[in-house]
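The numbers here are math on the coordinates, done by the rules we state, and not lab data. Everything numeric here is computed off the predicted structure, so don't read it as measured data. FYI the Cβ positions are ideal-geometry reconstructions off the backbone, even for glycines, and counts take in every protein chain you see.
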Amino acid sequence: MKAYSLDLRQKVVDAYACGDISQRKLAKNFGVTLSFVQNLLKRHRELGTISAKVLRHINHINRPQNGAFFWR
């Protein structure tokens, strides 16, 4: 799944900062899940960032036959 844009993330944070709207209503208004809104606001509050987490992907080409994984 592709990460939500920084623009959308900023709009969610700004709308919540204005007050008078619940996280549930934010999720409905922006067409995202409640858990996304909760995690985004927590990340903004605790880390001061709204950027997406960087995920490490498994390179399946370098996967040996025995099923062991190598991280790149």
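Along the charge dipole of region 6-47, pointing to its positive end and built from +1/-1 on Cβ of Lys, Arg, Asp and Glu, which listed residue (G19, L47, L34) has its Cα farthest out? Of G19, L47, L34, it is L34. The largest-to-smallest principal axis extents of the Cα set in region 6-47 are 25, 19, 17 Å. Label separation (A52 vs K25): 2.9 nm, computed from points 7 Å beyond Cα along the C-beta direction. Straight-line reach from K25: taking Cα to Cα under 20 Å and skipping same-chain neighbours fewer than 8 places apart, the lysines in range are K11, K42. Candidate cross-link partners of K2 among the lysines, defined by an alpha-carbon separation under 16 Å and a same-chain spacing of 8 or more, comprise K53.
What percent does the relative contact order of region 6-47 come to when contacts are Cα pairs within less than 8 Å and at least six residues apart?
Once divided by the residue count of region 6-47, the mean separation gives 32 percent.
Our estimate of slack between T33 and Y4, defined as 0.36 nm per intervening residue step minus the Cα-Cα distance, is 9.3 nm.
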